[in-house]
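Report on the structure given below.
Rule-based calculations on the coordinates, nothing more; no lab input. Every value quoted in this text rests on a predicted model; they were computed, and no experiment measured them. Don't worry about glycine lacking a Cβ; one is built from the backbone with ideal geometry, like all the others, and counts go over all protein chains shown.
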Amino acid sequence: MAVLPICITGEPVLHRPASPVETIDEGIRALVANMIETMHEAPGVGLAAPQVGVDARLFVYDWTDEDDVRWHGVAINPELLVSPPPLGEPDDDLDSEGCLSVPGERFPLRRSERALLRATDLDGKAFEIDAQGWLARIFQHEFDHLEGVLYVDRLAHPHGKAALKAIRRQSWGGPGQSWMPGIDDLDA
Ligand code: ZN
């Protein structure tokens, strides 16, 4: 297994819809193993294939909830049904979201409280998870990646503007930039 470089916003693969996975072969298995290692090293609670430069509709996730239940796995060719997002302003703390493709930044974003994930696992078996709270947020965030959408694209005023400024300050937003978990410390 290997840690993979993570693409930074501006890399075209992050900004277009990903292609369905046709066959779960050795290549996909190796990709998923490497993505899990990369997510842990980053560290993050989710990682989508486009973030490691691969045009494929799959993401991995690993999150332990308030009741100490660990949710982790891979979602291949997922579908996501979401409840209507709540109205009003996002909470600066409770709704604070980040992304490994916009490393070191966080901005508040309202997300739906509930999301039903339907996907296939590595054995080609269909599964369903009725997620709430932060897990529902993770699924929405990762599913967005497969549609070519980053959370910063969804930010409301004035956070969207602040995110654009932060991206410009880092000289991101163009193709060809990535960072290496475990080597680059972009939080510093
Ligand atoms: Zn992300």
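Once you list every other residue whose beta carbon is under 10 Å from the beta carbon of ALA18, what net charge do they have if Lys and Arg are +1 and Asp and Glu are -1? Don't skip to the answer; put the middle values down first.
Values: positive: ARG16, ARG57; negative: ASP55, GLU147.
Value of the local net charge: 0.
Taking the Cβ of each residue in THR38, THR9 as the centre, tally the other Cβ atoms inside 10 Å and list the residues starting with the fewest.
Working: THR38 25, THR9 21.
Placing the least packed residue first, the sequence is THR9, THR38.
Which whole-Hz couplings ³J(HN,Hα) result when phi for each residue of segment 58-72 is put into the Karplus expression 6.51 cos²θ - 1.76 cosθ + 1.60, θ = phi - 60°, listed in order with x for Gly and Pro?
7, 9, 10, 8, 7, 8, 9, 7, 4, 9, 6, 8, 8, 10, 8
How high is the relative contact order of the chain, in percent, counting Cα pairs under 8 Å that sit 6 or more residues apart?
Rounded, it is 30 percent for the chain.
Sort 85-98, 170-183 by the packing proxy (mean of other Cβ within 10 Å over each peptide's residues), most packed first. Before the final figure, lay out the partial values.
Numbers: 85-98: 12.1, 170-183: 13.9.
Ranked by mean Cβ neighbours within 10 Å, highest first: 170-183, 85-98.
Please work out the FRET efficiency for the pair GLU113 and ALA30, using the Cβ-Cβ distance as r and a Förster radius of 35 Å; give the result to the nearest 0.05. Walk me through the numbers before you get to the answer.
Details: r = 36 Å, r/R0 = 1.02.
Computed FRET efficiency for GLU113 and ALA30 comes out at 0.50.
Would segment 50-188 count as rounded, prolate or oblate if I go by the C-alpha gyration tensor, calling it rounded below 1.5 in a/c and otherwise prolate when a/b exceeds b/c, oblate otherwise? Show your work: numbers first, answer last.
Numbers: a/c = 1.75, a/b = 1.26, b/c = 1.40.
Oblate.
At 7 Å along the Cα-to-beta-carbon direction for both ASP130 and ARG106, put a label point, then send me their distance in nm to one decimal.
Label-label distance for ASP130 and ARG106, simple model: 3.1 nm.
Could you order peptides 10-16, 65-71 by the average number of other Cβ atoms within 10 Å of their residues, highest first? Display every interim value, and only then the final one.
Details: 10-16: 16.6, 65-71: 9.1.
The packing order, highest mean first, is 10-16, 65-71.
By the scheme Lys and Arg +1, Asp and Glu -1, what is the net charge of all other residues having a beta-carbon under 10 Å from that of LEU4? It would help to have the intermediate numbers written out before the result.
Values: positive: none; negative: GLU37, GLU41.
So the surrounding residues net to -2.
Considering only GLY10, ALA131, MET180, whose Cα is most displaced toward the positive end of the charge dipole of the chain, charges sitting on Cβ of Lys, Arg (+1) and Asp, Glu (-1)?
Working it through, the farthest residue towards the positive pole turns out to be GLY10.
Given q = 0.16 Å⁻¹, what are the Debye log10 I(q)/I(0) values for segment 1-106, with equal point scatterers placed on the Cα positions and solvent ignored?
One equal scatterer on each Cα of segment 1-106 leads to -0.83.
Which of rounded, prolate or oblate describes segment 91-135 when judged by the alpha-carbon gyration tensor and an a/c cut-off of 1.5? Mind showing how you got there, number by number?
Details: a/c = 4.73, a/b = 1.77, b/c = 2.67.
Note, shape of segment 91-135 comes out oblate.
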